[in-house]
1. Working from Cα positions, state the angle (0 to 90°, nearest 10) between the long axis of helix 174-187 and the longest principal axis of the chain.
2. Quick one, which of (1) 22; (2) 28; (3) 18 is the actual percent of Cα pairs over 29 Å apart calculated for this model?
3. Could you list the square roots of 5 times each eigenvalue of the Cα gyration tensor of the stretch 1-75, that is, the equivalent ellipsoid semi-axes, sorted largest first and rounded to whole Å?
4. Tell me, what % of the accessible area of the chain is carbon and sulfur with a 1.4 angstrom probe?
5. With everything on Cα atoms, drop me the angle between helix 88-102 and the longest principal axis of the chain, reported from 0 to 90° to the nearest 10.
6. Quick one: angle between helix 63-79 and the longest Cα principal axis of the chain, in degrees between 0 and 90, rounded to 10, please.
7. Based on the Cβ-Cβ distance of residue 49 and residue 115, what FRET efficiency does E = 1/(1 + (r/R0)^6) give at R0 = 22 Å, to the nearest 0.05?
8. Could you state the accessible area per residue of the stretch 48-156 in Å², with a 1.4 Å probe and every protein chain left in place?
Amino acid sequence: MSLLLIHPPAAKAGEPPLGVAVLQAYLRARGITVGVFDANRDAYHYLLHPRTLATVVSRDLSTRLQRALRHADGALQLLGSPDAVASPARYATAVRYLNDALSLYGGSAGDERLTLGDYRHGQLSEFSLPDLETLASGQARTLFHDYFRDSLLVALARHKPSLLALSINYRHQVLPAFELAGLLRKRFPGVPLVAGGGMISSWGGP
């Protein structure tokens, strides 16, 4: 068996997804081939890449947004290095630049909001079964759609998995995860897809 564990967006990217790492170690100890894909971290890097940001930039940007775009790449590199903890002021400035840059992504209807620690959709609710079905069926999209289609699915296909698993632990992951589940079903129709994690467990009832 070749199992791929996927940690979907959107969650705080300040630390590795430890639950997925523990599960990977447990399964490997029992002879199962397991790969882990931190799609949350990867999605932020995709969206904050200068080339991707250029696709959502309008002509009339505020001075604040122009400054954020100039410094976004350096800010991302800082937060991924040990230097991030050396200066609280530099850390706070980098976070502000990146959150400002992420504010350019509003989704197709302009009602989605993404920061380094939060994701909200103005029209869809993670607690609405019809909304989740709409996303899984492809009738609606999140701002992560292009990342899923153009980057994540391509990367996953290289692994030729025999089982796919989504780890959904936080509320902000639910809507993107259901959209991703629908895309995975279409891209890998013969591959079993399962989901687990804190959010899934909380829906199980007493």
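The values are calculated or read from the model by the stated rules, or taken from the named source; none is laboratory data. Quick caveat, the model's predicted, so the values are computed rather than measured. FYI the Cβ positions are ideal-geometry reconstructions off the backbone, even for glycines, and counts take in every protein chain you see. Calculation scope for accessible area: heavy atoms of the full protein, side chains included, ligands and nucleic acids excluded. Shrake-Rupley method; radii C 1.70, N 1.55, O 1.52, S 1.80 Å.
1. The two axes meet at around 60 degrees.
2. Derived directly from the coordinates: (2).
3. So the three semi-axes of the stretch 1-75 are 37, 12, 8 Å.
4. Numbers: 6010 of 11150 Å².
About 54 percent, which is the carbon plus sulfur part of the accessible surface.
5. Once rounded, one gets 80 degrees.
6. The angle comes out at about 50 degrees.
7. Numbers: r = 17 Å, r/R0 = 0.78.
Given R0 = 22 Å and the Cβ-Cβ separation, E is 0.80.
8. Values: 6080 Å² over 109 residues.
Ligands and nucleic acids excluded, the figure is 56 Å² per residue.
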